[in-house]
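Where a number appears in this text, it was derived from the coordinates with a stated rule and is not lab data. All figures in this text were calculated on a predicted structure; none of them were measured in a lab. Cβ: placed from backbone, ideal geometry, glycine included. Neighbour counts: every protein chain shown.
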Amino acid sequence: MSRKHEAEAEKENGERWLLTYADLITLLMIFFVVLYSISKVDANKFQAIADSLSKALGGGTPARIEISNSISGPKPMVSGNPPAKSSSSGPENQDKPPADASQAKNQGQGNANQENMTIEGIKAQLDKFAADNHIQTSLVSSIEERGLVVSIRDTLLFDSGKAEITPRAHEILAMVSSVLAAAPNYIKVEGHTDNVPIQTAQFPSNWELSVLRATNVVQLLISEGHIASVRLSATGYGEYRPVATNDTDAGRARNRRVDLVILRSKYDLTEPAKPSVVSPNLSSSVTSGIHSDSIGQ
């Protein structure tokens, strides 16, 4: 009898590997199902899961996770700062809802759309003014990535080889400045020339001519156009930013110009910060330094 029971026990123990095998197959199937589900990322669901995990693990406002599409598929990119530890552990801080990122995004888009409408409105007024005065080929405005570019041929502003603004140019710039004053954006005044060399006592090269022309336009926009000085800047590019070929008279005429660039507000970050109040000691030292230089000359 004992031998019979031992044989039956050995037979039962010999079939236990089937349980282990079945468990292994089940785990492998689950593993591959999870891999398949992970390979198909739903951006909205992924965002919701990421926000929940960030809030649960970090204990603060979740970091913003963006999905960027590429050839290899969507990839999560975490942006923003990690949640700071609060000095108070009260229930008010724990239950404070996160900032509404979508509301801020919509507000930014609204500001951009409003700015585009303002730029388009300014362009329409300038185009009408050019058409009414038959100067469409000499005063041209265009909308670019950096903002509205108002390009004015040098023949409307200056005599050949000179930087003094002509009397007619005063009227043109007065009208242009009255339109530009409606927007608070920064304005860059850029002077350009053709590649014909100039070498006079006043202008050793095209650099000096382009800079002085831009500076004189800035001065007029301030004195007669009543545009705030802090909004303006003057730059001279000489012959090195052409918009047409310098091999023809028509091309050189297009290159001799002054561009008024009304920058989009997003480029405010690239502009130098507005000057703060200068301390009396610094102001006096700068003044005395300038006075000493003038005496030395």
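Points worth noting:
- Cβ-placed point charges (K, R +1; D, E -1), dipole of segment 116-273 about Cα centre in debye, nearest 20: 160
- By other beta-carbon atoms within 10 Å, ranking Trp207, Trp17 with the fewest at the front produces Trp17, Trp207.
- Cβ-placed point charges (K, R +1; D, E -1), dipole of segment 122-170 about Cα centre in debye, nearest 20: 60
- With a simple spin-label model that places each label point 7 Å from the Cα along the Cα-to-Cβ direction, the separation between Leu27 and Ser205 comes to 7.6 nm.
- Segment 116-273: antiparallel DSSP beta bridges as a percent of all, rounded to 5: 80
- Going from the fewest other Cβ atoms within 10 Å to the most, the residues Met29, Met175 appear in the order Met29, Met175.
- Here the residues Asp194, Asp268, Asp154, ranked from fewest to most Cβ neighbours within 10 Å of their Cβ, fall in the order Asp268, Asp194, Asp154.
- For segment 131-150, the residues whose backbone nitrogen is under 18 Å from a point 7 Å from the Cα of Ala253, taken along Cα to Cβ, are 131, 133-141.
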